[in-house]
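Reviewing the structure listed below.
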Amino acid sequence: MATRRLGIVMVGVTGRMGLNQHLVRSILAIRAQGGVALANGDRVMPDPLLVGRNAEKVSAIAKQHGIGRWTTDLDQALADPQDEVFFDAATTQLRAELLTRAINAGKHVYCEKPVADTLAKALALARLAAKKKVKNGVVQDKLFLPGLCKLRKLRDSGFFGRMLSVRGEFGYWVFEGDWGPPAQRPSWNYKKAEGGGIILDMLCHWRYVLDDLFGKVKAVSCLGANHITTRVDEDGRPYEADADDAAYATFQLEGGVVAHMNSSWCVRVRRDDLVTFQVDGTHGSAVAGLTRCFAQSREKTPRPVWNPDVPQAMDFFSQWEEIEPNAAYDNGFKVQWENFIRHVCADAPWRHDLREGAKGVQLAELGLQSWRERRWLDVPELEL
Ligand SMILES: NC(=O)c1ccc[n+]([C@@H]2O[C@H](COP(=O)([O-])OP(=O)(O)OC[C@H]3O[C@@H](n4cnc5c(N)ncnc54)[C@H](O)[C@@H]3O)[C@@H](O)[C@H]2O)c1
């Protein structure tokens, strides 16, 4: 049994996702557990090189987490063949350019979603990666959420009978920043010119969730909205928030399932979780949140009577049974990292590649077009 080192150049680690989910919850957690086990019994130990523009910030993170390697020189990092993997969790707008440089330098690449801010760029990346024969991948974290894993098990067991519809609610109130609590998301998310907008941000998630769990997305109708038009940024300065901050989208899926997803940063939560998916089928229904999943079979379905003259006597929430309440799942970002590392080091199967990432960008672009043109649009097959 041998342990090999895998050098990973990491960009965007001073940001929310890069620091919390990718560095701390994934790479450092993998290091702490002794690396990633391969099928042949060998182990791989990731060795991060943190790259950032601000030496003070990036060195502070390295120091805080006991990481020996950091730099502000991306070119030098890309030139060193000892670091085989490049990872990017910087802002969406920068991604395509950073990945292009990394692929051209011969790195295997892994990145946050969306893989680019336009479909043309996303496809160019997927083609370049294929041409250069580098391994490549995109984060599809929602597939690893415990709630959705439980929903998948119900689907595989035939629990739903014929699946009819999926209704998803995503969102929470993102504070404007001009009163009370500070905004909890970066200001670029709310500026069109900086790659913001909830349609680009969320439809790329909904693409792989729908494709993978409920049926391939065949058509989309999307109504965006820019509900809140002034926000206050990280430095306390008011700015024009001109990007879509809510999207009300309907999808037709292969097999006839109708899916509707509401995504909003302007909604107050009165539901089980920050995202919930309700699936209704002829034989049963289920509602999954981030971690929990509740189901109701056809036999347990109540028969309420509509009567506006009396307050509702049924407690609908108590009529659902929790699925696997005690099951333990590892952090989804970490699980996906482990799979990617096995793919890079041992050719293990991997399906979350840049082409799959491009499908997400395709759906986001079609969603924006549908909103602009006020019409349904078919989703064509993606040709590489
Ligand atoms: N998978 C998910 O659930 C999920 C959730 C949130 C965000 N994201 C994605 O993660 C990415 C980062 O989002 P975030 O919320 O962490 O953003 P953030 O603003 O917190 O972090 C952005 C990072 O990019 C760096 N950066 C900004 N401008 C740069 C430049 N010009 N050159 C080099 N680096 C630069 C920042 O220093 C920071 O490290 C986005 O693409 C977003 O779509 C994914």
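Please give the contour-minus-distance gain from ARG167 to HIS283: 0.36 nm per residue of separation, less the Cα-Cα distance, rounded to one decimal in nm. Intermediate results must be reported in sequence, preceding the final value.
Working: separation 116, 0.36 × 116 = 41.76 nm, distance 1.69 nm.
Length gained, ARG167 through HIS283: 40.1 nm.
As a proxy for reagent exposure, ranking LEU99, LEU23 by other Cβ atoms within 10 Å from fewest up yields LEU23, LEU99. Counting Lys and Arg as +1 and Asp and Glu as -1 over every other residue whose Cβ lies under 11 Å from the Cβ of ARG16, the net charge comes to 0. Full extension of the segment from LYS63 to ARG270, taken as 0.36 nm per residue of separation minus the current Cα-Cα distance, would add 70.4 nm.
Between GLN76 and ILE228, the C-beta separation translates, for a Förster distance of 41 Å, into a calculated FRET efficiency of about 0.45.
Would you mind counting up the charge near HIS205? Only other residues with Cβ under 9 Å from its Cβ, with Lys and Arg at +1 and Asp and Glu at -1.
+1
When the C-alpha to C-alpha distance is required to be over 20 Å, the pairs from LYS216/LYS300; LYS113/LYS135; LYS218/LYS359; LYS107/LYS191; LYS107/LYS132; LYS192/LYS334 that qualify are LYS216/LYS300; LYS107/LYS191; LYS192/LYS334. Residues GLU240, GLU383, GLU56, GLU356, ranked from the fewest to the most other C-beta atoms within 10 Å, line up as GLU383, GLU56, GLU240, GLU356. Between TYR239 and ALA327, residue separation times 0.36 nm minus the direct Cα-Cα distance comes to 27.2 nm.
The residues neighbouring PHE170, those whose beta-carbon lies less than 15 Å from its own, together hold a net charge of +1 under the Lys/Arg +1, Asp/Glu -1 convention. Reported to the nearest whole Å, the Cα centre-to-centre distance from the range 235-276 to the range 207-224 is 14.
Using a Förster radius of 51 Å, what is the FRET efficiency between ALA39 and VAL305 based on their Cβ-Cβ separation? Nearest 0.05, please.
Given R0 = 51 Å and the Cβ-Cβ separation, E is 0.35.
Residues THR91, THR229 in ascending order of nearby Cβ atoms (within 10 Å, fewest first): THR229, THR91.
Each reported figure results from applying straightforward, stated rules to the coordinates on display, with no laboratory input. Just so you know, these numbers come straight off a predicted model, no measurement behind them. Cβ coordinates were reconstructed from backbone atoms using ideal geometry, including for glycine residues, and neighbour counts include every protein chain displayed.
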